[in-house]
Amino acid sequence: MDRKMITLSVDGKTVTVPEGTRILDACNVAGIKVPSLCYLEDVSAHGSCGICVVEIDGYKRLVRSCLHTVKQDMVIHTHSNRVMSARKLNLELLLANHPLLCTTCERNLNCELQALALQLGVRESRFERTKKSIRPIDDSSPSIVRDPNACILCNRCVEVCANVQEVHAIEMMQRGLRTTVSTFFDEGLASSVCTNCGQCSLVCPTGAITEKSHESAVFDAIADPNLVVLVQTAPAIRVGLGEAMGLGEGSLVTGKMVSALRTLGFDRVFDTQFSADLTIMEESHELIQRLTNGGTLPMITSCSPGWIKFIETFYPDQLEHLSSCKSPQQMFGSIAKTYYAEQAGIDPRNIRVVSIMPCTAKKFEAGRSEIDSAFSYWRDKGSFTDDEYFCDVDYVLTTRELARMLKRIGIDFAHLEDGKFDDPLGQSTGSAVLFGATGGVMEAALRTAYETITKTKLDALEFEQIRIGAGIREATIMIGETPLKVAVANTLANARVLLDQIQEGKSPYAFIEVMTCPDGCLGGGGQPIPTNKEIRRKRAMSIYEEDRGMPIRKSHENPSIQELYTSFLKQPLGHLSHQLLHTTYVKRGAYPE
Amino acid sequence: MNDRANEIAAIVSKHRERHGALLSILEAVQRTNEHNYLPKQELVMVAKELGVPLSQIYSVVTFYAFFNLKAQGEHVITVCRGTACHTRGSKPLLDNVLHMLGIELDEDGMATTPDYRFTVHTVACFGQCALAPVIAIDEVIHSMVTEEKLATMIEALSARKEGA
């Protein structure tokens, strides 16, 4: 990998970078952050915004530094008068068609366009709007809202959807003044192949793509004295929320998060990690059963709802590879409204389950019609009639929504004392926290499967070879004398590689973990903005740190889980488990019939 | 519809291996469509046969003015609304032809009679400003058009038998 090195001058400073480096990145090395509204490392290099222009000696025109690579002895000027006035002009042209409604925009104070206007000193809008029509907002999706009027046509969302996820739900449509990002026949995201992953909302520089908010509904539920509002928090929230509350990248804030949720007014603060442990119990037993009874292999994890809609849409003939386990979010909902309701003596009709998720697809998952098992449990007992239907999970908030709610009530997050989760649905293990990072479900399942199969204690708990790293990682794990070949993929483009292998009959694996988002849930579409490679790495380090610090690190040793099986579920994959913790999938297809 | 599905499958397989096949395929599908346009279900067929995302197909179709997403009349009347034509009376000409045919332009600047005999639409400029006002009928350009000339031509077309 010896690349030729190129030496060049940036604002009089000599820098040496590998051949093929983008001019913009070379300027970064020289200590100058060239602004851009469309360039995004590993996602998008489109040159559409025209903000990243620089001047190069011997070049007649200004050059878009995100599109061009360095050449030997280049002399670059990043802030000549010509450059600065071109940047300002291009920004003013973008602003001419952008609604200046910053105060009521979700991205107010976290908007790249707004920040750049401040940075470049744009104090007036000299140009008139050229776009004639107001375009309809696409709020068809249960997860994502798209407002084309706030869009600056940077192309990031299109590229993340097409290249990182290989979903192709959205594209640039029309041309000239009518150019807009849209779906097939402008039918909206809900009727498209969109997996609701929300990566588009994470990369959008403005407020054009946001999550569908459940904030008001949750405030209302909390204020209703007749309701018992339970909150569950996904593993990745504790390594993301701090950033949105002004703390450092990847800060681990488990205790502060619990205190903040209690202050917000939730009646019980529980943990999705409890049901992550439960997922491991069911899923590792399902794997053992498939391995010993000649079931369909490889078995693939089913926690990530973007991934579920992806396989249902693009590989509907491979659904039998999916584990039948519900995700931890949904397992929590059905246990909360059955087991916990009975134990605590609360009418399940008065319980509201609120999830805090790093994920926009979880909003879609909570509304899936095949998931309604707490209600069926009570109906089968003859307790309620059909018209009293309730779902397992009522509201889903992203990390960003929770941060907004905490800010709204004026909480001093940085100085909160550490709180503790409530029992029993708040107890969890190191295995459960790993769900927040790519490879974590696999690692957690292996810890439990190993001890269940071999009946011996596993000493080396950390499976380094499947932890955060490349898009696809594989390993052969010795379970006693038996080798188990496993693979881990993050992003849907990488999942495609493993599915194509299965389709061709060439998959060597017994067990595969797929996470929809880059590096897993910690890079989820509902996480704080910005989320990038370096920030994701820091969040992952916090996940591993949390695991190491947990007194119990294997799901099957969680006392609350053991008690749940003893007094209620009886055994993994048992009758009640099937009713409450397992699900079915839908054959969708990528093209309408 | 089944015959049409087979026809589209044949068009796709004829062009499939060629670089940039999509444009040729869409052109052929539109040409062989009864009303010279690309209905949604035919675009779905093309996408499925070719294994191309629906969003990409729609992106291409909406980019090129050549492709029609609405059914077209047998005769297409194109009225130039460029500056030169405007100053020499293209607006009254447009109003006139719409009135004669009893139709109104939609938001895309297009109108088709319910019997699919005529489609009227506008363009920004033909580049034939010296001959303004200019109107094209079935791709034949007529220059220095007057209301009388236009009325005669449309009456002649109306009198013709369908498909003749």
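Every number in this text was worked out from the coordinates using simple rules, so none of it is lab data. Here the structure is a predicted model, which means the values were calculated and not measured. No Cβ is skipped: glycine too gets one built from the backbone with ideal geometry, and neighbour counts run over all protein chains shown.
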Quiz item: Using the Cβ atoms and a cut-off under 11 Å, what net charge is assigned to the surroundings of A:Phe274, where Lys and Arg are +1 and Asp and Glu are -1?
Solution: -4
Quiz item: Can you give the FRET efficiency for A:Asp380 and A:Asp418, using 1/(1 + (r/R0)^6), R0 = 60 Å, r = Cβ-Cβ distance, to the nearest 0.05?
Solution: 0.90
Quiz item: If you count the DSSP beta bridges with both ends in chain A, what percent of them are antiparallel, to the nearest 5?
Solution: 55 percent
Practice problem: Largest first and to the nearest Å, give the Cα extent of the protein assembly as shown along each principal axis. | Solution: 95, 70, 56
Quiz item: To the nearest 10 degrees, how steeply does helix A:81-96 sit against the main Cα axis of chain A, on a 0 to 90 scale?
Solution: 50 degrees
Quiz item: Taking amide hydrogens as modeled 1.01 Å from N in the peptide plane, which residues meet the under 5 Å criterion relative to A:Ile356, leaving out close sequence neighbours?
Solution: A:Gln232, A:Thr233, A:Ala234, A:Leu397
Quiz item: Once you list every other residue whose beta carbon is under 13 Å from the beta carbon of B:Cys80, what net charge do they have if Lys and Arg are +1 and Asp and Glu are -1?
Solution: +3
Exercise. Sequence neighbours fewer than 8 away in the same chain don't count; with that in mind, list the aspartates and glutamates whose C-alpha is under 12 Å from A:Lys309.
Key: A:Glu365
Quiz item: Under the Karplus relation 6.51 cos²θ - 1.76 cosθ + 1.60, θ = phi - 60°, what is the ordered set of whole-Hz ³J(HN,Hα) values for the range A:158-171, x standing for Gly and Pro?
Solution: 5, 6, 5, 5, 7, 9, 6, 9, 6, 9, 6, 6, 10, 8
Quiz item: Against the longest alpha carbon principal axis of chain A, how many degrees, from 0 to 90 and to the nearest 10, is the axis of helix A:440-454 turned?
Solution: 30 degrees
Quiz item: For the cross-link pairs A:Lys362/B:Lys40; A:Lys554/A:Lys587; A:Lys587/B:Lys14; A:Lys256/A:Lys455; A:Lys4/A:Lys33; A:Lys212/A:Lys554, which exceed 28 Å when the distance is taken from alpha carbon to alpha carbon?
Solution: A:Lys362/B:Lys40; A:Lys554/A:Lys587; A:Lys587/B:Lys14; A:Lys256/A:Lys455; A:Lys212/A:Lys554
Self-check item: Förster radius 30 Å - calculated FRET efficiency between A:Lys538 and A:Glu563, Cβ distance, rounded to 0.05
Solution: 0.25
Quiz item: How far, in degrees from 0 to 90, does helix B:2-15 lean away from the longest principal axis of the Cα atoms of chain B, to the nearest 10?
Solution: 80 degrees
Quiz item: All other residues with a Cβ under 10 Å from the Cβ of A:Val488 taken together, and with Lys, Arg as +1 and Asp, Glu as -1, what is their net charge?
Solution: -1
